[in-house]
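J.: This is the structure, below, for whatever I ask next.
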Amino acid sequence: MINKLVRRAAVVATVLSLGFAAGCGGASDTGETGEAAADGATSAKPEINDPAVAAAALRTADPCALLGEETFADVGTVVEDSVHEVEWGSCSAEVEDSAGKTVSFTLRLGSNLVSTDEANEQVEGLPMEVDSDDPETCWVSAVTSHEYTMGIEFQASYEGGGDACGPARTAMQKVVQALHKEPEQYEKLPGTTIELDPCATVDMALITETLGTEPPLEPQNLHECDMWAEGSGGYPLVKVGFYLGIEPDLEGGEAVDLGNGVSAVRGVEDLEVGCTVEWQHIKSPRDDEADTYGENVYVTFRAEEGSGVDHTAACDKATKLAQNLVSKLPRA
């Protein structure tokens, strides 16, 4: 299972192994095709039209490359071997300040924010919110989309006490400056899903048919998307996501043929009327990972208890959506 770091306990974004819970997608309000909410959606706040921080640009930017000496020059020295990828779009590092104290940083590109209402500061032309309720652990967020409450987020924590907001502000400015230049990119393997908008990959007509209404889109990060039945208060729900991990296995699930030579693992959720179909799209082995490591894809359908939808029907719906998604993915 891949565990996501989240901003607050109120923002739960879990990714799945066949257990089966999952978080979802990402987008920005910069006018990108396929990355707008349902027709007619508006935002009370001014649109952010900065191509350097649009969802498409952030998806392929390597966050670990942004956590180098240049970013932390005014904070301290990056601790050797402390920079490590958390997941696509997220990376952590430790920095030792001039007093010898350690500040732990986690950078998230395309993070789902609780809201953008408190973004009363500015950083390089972007609205910025500083959550300093607990100065030892501070969240600094540069807003990239009011419509989807998306942003670039630094979580900073001082070990042994200290005000982490100052270092987080400083590092955020350097990161946004770097994004406005030519940030290093992820390696794009043949057939990669890293550039795909998860909110726009499955046919919207099929999503609408499945949910009974054209849904608003609720990106959770740049690679995962929730699509709720509008006005339902929660369910039914379709979730689509792309993530890095080991190849799904059959423990607790069953094999299902999606066509196009793709076999997936399908399983029901323990606590809800829901079903997830998950498969590995391409392998992307790394020296520090298992041979079965690669880019995985999942589709989840969930319904409310008492809605008349059982696990079998949920799996039928999830499988139909997965079959459609397979046909849309790039070929290796």
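The values are calculated or read from the model by the stated rules, or taken from the named source; none is laboratory data. Since the structure is predicted, the reported quantities are computational estimates derived from the model, not experimental observations. Ideal geometry is used to build each Cβ from the backbone, glycine not excepted, and the neighbour counts take in all protein chains shown. Just the protein is used for accessible areas: all its heavy atoms, side chains included, with ligands, DNA and RNA removed. Shrake-Rupley method; radii C 1.70, N 1.55, O 1.52, S 1.80 Å.
J.: Taking Cα pairs under 8 Å and at least six residues apart, what relative contact order does the chain come out at, in percent?
T.: 18 percent
J.: Okay, next question. For the chain, what does the accessible surface come to per residue with a 1.4 Å probe? Please give it in Å².
T.: On a per-residue basis, 43 Å².
J.: List the trypsin sites (Lys or Arg not before Pro) within the stretch 236-304 that fall in a DSSP loop (any state other than H, G, I, E or B) and whose Cβ has at most 12 other Cβ atoms within 10 Å.
T.: Within the stretch 236-304, the qualifying trypsin sites (Lys or Arg not before Pro) (loop, at most 12 other Cβ atoms within 10 Å) are Arg286.
J.: How many nm separate the modelled label positions at His84 and Leu250, each set 7 Å beyond the Cα in the direction of the Cβ?
T.: Distance between the two pseudo-spin positions: 3.3 nm.
J.: Report Rg (one decimal) and Dmax (nearest whole number) for the stretch 228-332, counting Cα atoms only, units Å.
T.: 14.5, 48
J.: Something else: Tell me the label-point distance for the pair Asp203, Ala73, using the 7 Å Cα-to-Cβ offset, in nm and rounded to one decimal.
T.: It is 5.3 nm.
J.: Angle, helix 311-328 long axis vs. longest principal axis of the chain, Cα atoms, 0 to 90°, nearest 10?
T.: 70 degrees
J.: Another question, if that's okay. Net charge near Gln280, counting Lys/Arg +1 and Asp/Glu -1 over other residues with Cβ under 11 Å of its Cβ?
T.: -3
J.: List the relative contact order of the stretch 58-199 as a percent without decimals, with contacts defined as Cα pairs under 8 Å and 6+ residues apart.
T.: 24 percent
J.: Calculate, in nm to one decimal, what Thr213 and Glu136 gain on full extension: separation in residues at 0.36 nm each, minus their alpha carbon distance.
T.: 23.2 nm
J.: Something else about it: Quick check: the distance between the Cα centres of the stretch 61-140 and the stretch 243-293, to the nearest angstrom?
T.: Their Cα centres are 32 Å away from one another.
J.: Another one. Of the heavy-atom accessible surface of the chain (probe 1.4 angstrom), what whole percent is carbon and sulfur?
T.: Looking at the chain in its full context, I get 46 percent from C and S.
J.: Just need the Rg to Rh number for the stretch 80-161, please, alpha carbons only, Kirkwood Rh.
T.: In the stretch 80-161, Rg relative to Rh is 1.00.
J.: Then there is this: Which of (i) 20.4; (ii) 21.4; (iii) 21.9 is the computed Kirkwood radius over Cα pairs in Å for the structure on display?
T.: Checked against the structure: label (i).
J.: Where does the chain land at 222 nm, in deg cm²/dmol rounded to the nearest 500, when only DSSP H runs of n ≥ 4 count, each adding -39500 (n - 2.57), divided by all residues?
T.: -4500 deg cm²/dmol
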